[in-house]
Amino acid sequence: MALQPDTSPDQQGAKKEQTQLPSNMAQASTNTPKTKLSTPQVVFLTMVFAAIIVLWSITFRLIDNDFSSSRISAAKSASALALTYEAQVVRAIREIGQSLNVVKRSYELNNGQAMLAMVEDWGLLLPDFLFVTSITDADGNITSSTRGFEKANIADQSYFYEQLEFDHLAVSQPWQDPYNKAWKLTFSRRITTPSGAFAGIALTSVDASYFVSGYEEAQLGRHGVLGILGTDGVFRTRRSGETIVSGERADYAQLVPDSDEIEDQEVRLLNNSWDQVRRYTVATEL
């Protein structure tokens, strides 16, 4: 008689679970995430982070060095341009003063005779296409001129009555020509009689823009500034790019330090009051 083992459904299910259990355990084991990095991986990541920090530090240092170099270069450039402009203005004013002194002395030595035409013939006056030279009497009436003067009497002008008390080269505030609307500056010298009494003045007028004609955009840029500022805080002329203005006010004490020598003055980064533009600024007394 042949005997067969019991193969009931419960027994078959139990065997099936036993045969599948190792496979499920293996699968669970492979799906468990790793929670720790190996030592080589930690070292590698640390080196990467350190390298990134070093690179950024070098980058910021280079940027800072470039910025510092640019500031130094801009300051040196501003100082050099200021020296050049100062020399140009001083030379122009000296030439005006010398010309007026020739007219003054010639008039005084010839007892008030009309000497302007003769001095002009001698070539001792400034170019007529830029400068207008005139002589007044003691009442401010224009008695002779190299060109038609805008006013017949100038007794009410500051550059006239200033010469009543002082004998020096005086410069007016900017004034506007009523005909062509150009802003002008007038320089004057006192004329005296042989006894020393006031006899009138010799004066020369010129477009204010003449003193900023040396503005070069290649050196100063579109927003640079050249200008002449009086001790009264009034700009005789100022140029920035193609814009030329006269008669505006500024803080003289802020712009012009006490030092007499421009070489001793520090280039300062200032917000200029007239247009609120931040510039490397140098100013000196002439």
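Structure notes:
- Of all the numbered requirements in (1) part of a helix (DSSP H, G or I); (2) farther than 22 Å from His168 by Cα, Arg239 misses one, and that requirement is (1).
- Residue check for Thr143: buried (at least 17 other Cβ atoms within 10 Å of the Cβ) and assigned to a strand (DSSP E or B): no
- The listed residue being at pLDDT below 90 and within 24 Å of Val212 (Cα to Cα), out of Asp128, Asp167: Asp128
- Being part of a loop (DSSP other than H, G, I, E, B), farther than 24 Å from Gln276 by Cβ and at pLDDT 90 or above is not true of Ala199.
- Lone unmet requirement of (1) in a loop (DSSP other than H, G, I, E, B); (2) farther than 27 Å from Ser273 by Cβ; (3) touching a strand residue (DSSP E or B) at 6+ places or on another chain (Cβ under 7 Å) for Arg189: (1)
- Residue in the range 200-214 that is under 17 Å from Ala283 (Cα atoms) and surrounded by 21 or more Cβ atoms within 10 Å (Cβ to Cβ) present: yes
- Checking Val282, Val277, Val256, Val234 one by one, the residue that is in contact with a Lys or Arg (Cβ under 9 Å, 6 or more places away or on another chain), surrounded by fewer than 18 Cβ atoms within 10 Å (Cβ to Cβ) and either aliphatic (A, V, I, L, M) or within 27 Å of Gly97 (Cβ to Cβ) (or both) is Val234 and no other.
- Restricting the range 209-224 to residues that are in contact with a Ser or Thr (Cβ under 7 Å, 6 or more places away or on another chain) and part of a helix (DSSP H, G or I), the residue that is farthest from Gln173 (Cα to Cα) is Val212.
The values are calculated or read from the model by the stated rules, or taken from the named source; none is laboratory data. Since this is a predicted model, take the numbers as computed values, not measurements. Quick reminder, even Gly has a Cβ in these numbers, built from the backbone with ideal geometry, and neighbours come from all protein chains shown.
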